[in-house]
Amino acid sequence: MTNMKQMGNWTWDLNELPKYEYTGGFPFFAKDKVGNDSKLASDPCFILGNYRMTLFAHASGQYEFITGERGWARLNHGGKNLGWNHSGIRIISEDTNKQIGKYNLASGNSHDTINTKQCFGIGYASYEFECPQQLKITKVISVKPSIKINSGNPSFLVNVTLQNDSVSPIKVQYSEQLLANYMMMNDQGQVVGDTEQRVKYRNKLSVQSDQSIVKADISCHPTKLLVLPENPEESFTHDIYPPTLFIKAVPSDAYNSRVETSQNGLGDLLRAEFETVLNAGEQKTIQLIIGITFDKENNEIDSQVQDMLENAKIAVSTGAYAHLWRKVLPPLGEEQDLILRCEMIWNAYTLEAMANYSQYFKETFIPQGSVYAYHLGQNASNRDHLQHLLPLVYSNPQLAKSCIRYAMKHSSSDGQIRRQNIGYGYSDPDIYMESDPQIYMFMAVGEYLRVTHDYKFLNETVTYYPMEHARINTVLKFLMQHFIYLRDVVGVGHHGLVKMLNSDWSDSFFHPYSPNIYKHFAESHLNTTMALSVIPTLIKELKQYAVVDEQNQEIAECFIGELNYYHDELFSAFMRDMEGRTFAPRCYIGEHDEPDLKFGMDNLCLEAQPYLLQMEDFPIERKQKLYMEIKKRLLDMEKIGARTREIPIWSKGGQGEDGGIWFAHQGPLIVGIASFDRREAIKLLKKLTFHNYAEQYPDYWVGHWTFADSLESTLSEREGLYHPWTQGAFQPFCAHVHAWMLYCYFRVYKG
């Protein structure tokens, strides 16, 4: 498993958990296959986090401290998609009392004068430095996992271990500075100058009397005409009740410490200073805790600090909470393939680290991340959130259920599921009228019930959107309303196939075609095959529910009957349409069978095929023939997975949705193949690993431990890279790749 790459290599730490030793340097730069700038971020990053905080730890030592509880915001915003922090060391000779060395350990600049080693593991980032004065410095940032749903400690622990390997005593001064600058992501993506911001966030700085805690109480101030909610629990475009940011210098007899406030050109700084004397051969560890609290009193800070220290195990180069992370992650000790074991534990960790508690919805969910949450501040869309929970039905059922409830709480009483929210639970009007979130809901609930057999979940109550109106109904009634919306509002077209409205999975499909013209006629083969593949599982589980819950048996059987009728009618229409075909078309757009508005007739488009392979009633012989066509036209020529198009439909280079390789398709494709050829499914699963990506594209850091939602195929000049559809976007750490790979592993190996 320890295959050295240009970027680094995977190995196992002392806790038998995977870690990545990064050797790619910074600032990072690479070219695409035609010699242009790859546009990859110059400072590679890894994710640390729990349900109440997110921290991106960069190769340079910079970090981004992020909260998503009341809307996505960066606590130490230092520029678009950047955080600002600084740590430094001064070395003073005890013999002469003169400075003999001064080094920046995290400043965004290359370390020209000291050697550096960076390792990133489960819940920690480790930076090792060797100074010419024979002082070794190991800085480890650790995040404690969330053990229970909707909870967690929104703080991180910094351990700085100093080792004097010289023959003389030295005095060491260490400082940690953090910019207190609260910026919501939905502001950073739109702001041109301060005059464009609708609100400003200001700090009230203070230092605790014992000089151990420095904090910034953050408050919201409108800069334009806004009617702020009187109740901080009311949905709003911005966070009117932001948290308090703090640094705690942990007292110790081993060193002197103090905290203070200061300023630089970017704004207010929180600062912790430490000083100690190291005798020859002596080792000491400095500790500080950085966090946020929504309690404006110091009592909550003290409680968080105590919680962090009680559970911490000081290790020189690995995380302080490995023993806790091992409890929340699937062990996978029986997996003999070390590459799969490493990557699947990593995928499970990444999903846990990305998971985010929403104060508004009172649920924990896994965002898409990437450009949506971490750049635009959007939780979009609920079809994605429902995909991300699939592996959790095996590894963390309680989190899976919370994710379902989160998406369900975006529902109106007519069964519509709102696409997204921004700010504090605000569901903004959107140009897309999606036609498929109800189908994703059926898939998610069906899989949850199939694996957990938690049929009581259907009797639990969920709140309609908006939360402040407090209207509730049971999960079963919500599913019935979702079905009615799919049947009556989305409906079927004149071929009897599920309509598209103006968006199925592909938000871009209608870009060349006005949704105002075509949404009344468009039929989606993707929606149709997906509905036909997921509804039978839901029906089976509802039948089990009807057996164990006699009180609701009648209403369940009524629902089952309607689902059966809908499925059978849809299946008959689809099979008529498939007559004489090997693969399903992509969609029909026009009203009167205009040939120019039928897509995917001879040009194989992937989207519908994975769900066609999953359909129980589609003959195995036809599945085998379909897969041979997929291999020949979309898969065998690619180094990673199957691209969406044999030939692009609307773009010249086959970019993004029109020719890229999307993890939201690769996962269903693996599941579909597994229904008739498990060995071939495992082969594709391994082709999609980070290990294989590193073999194929050793020069790009994105793809070695995380990815965006897709990568460009051999059709594109940016082969192996993601499609940068938003300028300046922060693209890595999309949950798609981690969720689908882990789910497919469980599904193929456990069933």
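The values are calculated or read from the model by the stated rules, or taken from the named source; none is laboratory data. None of the values given here were measured: they were computed from a predicted structure. Here the Cβ is made from the backbone with ideal geometry for all residues, glycine too, and neighbour counts use every protein chain on show. Each accessible area value is taken on the protein alone, full model and side chains, heavy atoms only, with ligands, DNA and RNA left out. Shrake-Rupley method; radii C 1.70, N 1.55, O 1.52, S 1.80 Å.
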- Net charge, Tyr440 excluded, C-beta distance under 10 Å - Lys, Arg +1, Asp, Glu -1: -2
- Note on the structure: Here the convex hull volume per residue of the chain, taken over Cα atoms and given in Å³, is 158 Å³
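Sorted by packing (mean other beta-carbon atoms within 10 Å per residue), highest first, where do 450-463, 580-593, 669-682, 373-386 land?
Values: 450-463: 15.9, 580-593: 17.9, 669-682: 19.6, 373-386: 25.0.
Output ranking for 450-463, 580-593, 669-682, 373-386: 373-386, 669-682, 580-593, 450-463.
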- Within a Cβ distance under 13 Å of Glu717, other residues only, what is the Lys/Arg minus Asp/Glu net charge? +1
- Task: Working from Cα positions, state the angle (0 to 90°, nearest 10) between the long axis of helix 397-408 and the longest principal axis of the chain.
- Result: 70 degrees
- Item | For the chain: accessible area per residue (Å², 1.4 Å) | 36 Å²
- Query: Using Cα atoms only, what is the angle between the long axis of helix 663-674 and the major principal axis of the chain, expressed in degrees (0 to 90) to the nearest 10?
  - Reply: 60 degrees
- Which one of Leu669, Ala642, Met628 has its Cα pushed farthest toward the positive end of the charge dipole of region 619-746, where Lys and Arg give +1 and Asp and Glu give -1 at the Cβ? Met628
- Note on the structure: Whole-percent carbon and sulfur contribution to the accessible surface of the chain (1.4 Å, no ligands, DNA or RNA) stands at 46 percent
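When a/c reaches 1.5 or more, the comparison of a/b and b/c decides; with that in mind, is region 169-263 rounded, prolate or oblate per its Cα gyration tensor?
On the way: a/c = 3.56, a/b = 2.28, b/c = 1.56.
Prolate.
Given 4 °C and 1.567 mPa s, how large is the Stokes-Einstein diffusion coefficient of region 1-80 in µm²/s, with Rh as the Kirkwood radius over Cα pairs?
Working: Rh = 14.9 Å.
D, rounded to a whole number, is 87 µm²/s.
Using per-residue counts of other Cβ atoms within 10 Å, averaged over each peptide, order 607-620, 701-714 from highest down. Spell out each step's value before the answer.
Working: 607-620: 21.1, 701-714: 24.6.
Highest to lowest by the protection proxy: 701-714, 607-620.
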- Message: Tell me the net charge near Lys136. Cut-off is 9 Å between Cβ atoms, Lys136 excluded, with +1 for each Lys or Arg and -1 for each Asp or Glu.
- Response: -3
- Query: Lys/Arg Cβ at +1, Asp/Glu Cβ at -1, dipole of region 1-92 taken about the Cα centre: which of Thr23, Trp72, Gly8 is farthest positive-ward?
  - Reply: Trp72
- Please turn the phi angles of region 82-97 into ³J(HN,Hα) values with the Karplus equation 6.51 cos²θ - 1.76 cosθ + 1.60 (θ = phi - 60°), one per residue in order, whole Hz, x for glycine and proline. 10, x, 10, 8, 8, 9, x, 10, 10, 10, 10, 6, 6, 6, 10, 6
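Would you mind getting the Kirkwood hydrodynamic radius of region 228-365 from its Cα pairs, rounded to one decimal in Å?
Details: mean 1/r = 0.0519 Å⁻¹.
Taking every pair of different Cα atoms in region 228-365, averaging 1/r and inverting gives 19.3 Å.
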- Message: With unit charges on the beta carbons (Lys and Arg positive, Asp and Glu negative) and the dipole taken about the Cα centre of the chain, which residue among Pro397, Cys119, Val34 sits farthest to the positive side?
- Response: Cys119
- Query: HN-Hα J couplings of region 151-160 from phi, Karplus 6.51/-1.76/1.60, θ = phi - 60°, integer Hz, Gly and Pro as x?
  - Reply: 9, x, 9, x, 9, 9, 9, 10, 10, 10
- Message: On a straight-distance basis, which lysines could pair with Lys215 in a cross-link, Cα separation under 18 angstrom, same-chain partners fewer than 8 positions away excluded?
- Response: Lys204, Lys248, Lys296
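Quote the convex hull volume per residue of region 422-476, based on C-alpha atoms, as a whole number of Å³. If you can, show how the numbers build up before the last one.
On the way: hull volume 6.0 nm³, N = 55.
That works out to 110 Å³ per residue.
I want the antiparallel fraction of DSSP beta bridges within the chain, as a percent rounded to 5. Mind showing how you got there, number by number?
Numbers: 134 of 139 bridges.
Within the chain, antiparallel bridges account for around 95 percent of the total.
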- Message: Please list, in order along region 308-313, the HN-Hα scalar couplings obtained from phi with the Karplus expression 6.51 cos²θ - 1.76 cosθ + 1.60 (θ = phi - 60°), rounded to whole Hz, x for Gly and Pro.
- Response: 5, 6, 5, 9, 7, 10
- Item | In region 681-728, trypsin sites (Lys or Arg not before Pro) in a DSSP loop with at most 10 other beta-carbon atoms within 10 Å | none
- Query: Which residues' amide hydrogens lie under 5 Å from the amide hydrogen of Tyr722, considering only partners 5 or more residues apart or on another chain, with H built in the peptide plane?
  - Reply: Glu712
- Item | Total charge dipole magnitude, the chain, about the Cα centre, Cβ charges on Lys, Arg, Asp, Glu only, Debye to nearest 20 | 980 debye
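Place the peptides 437-448, 389-400, 9-20, 468-479 in order of packing, highest mean first, counting for every residue the other Cβ atoms within 10 Å and averaging per peptide. Please report the intermediate quantities before stating the final value.
Numbers: 437-448: 25.2, 389-400: 22.9, 9-20: 18.5, 468-479: 15.7.
Ranking, from highest mean packing down: 437-448, 389-400, 9-20, 468-479.
Using unit Cβ charges (K, R positive; D, E negative) and no other charged atoms, how large, in debye to the nearest 20, is the dipole of region 397-514 about its Cα centre?
The calculated dipole for region 397-514 is roughly 360 debye.
So, with +1 on the Cβ of K and R and -1 on the Cβ of D and E, and no other charges, what is the size of the charge dipole of region 264-382 about its Cα centre, to the nearest 20 debye? Don't skip to the end; give the middle numbers.
Numbers: 8 positive and 16 negative charges, 33 e Å.
So the dipole magnitude of region 264-382 works out to roughly 160 debye.
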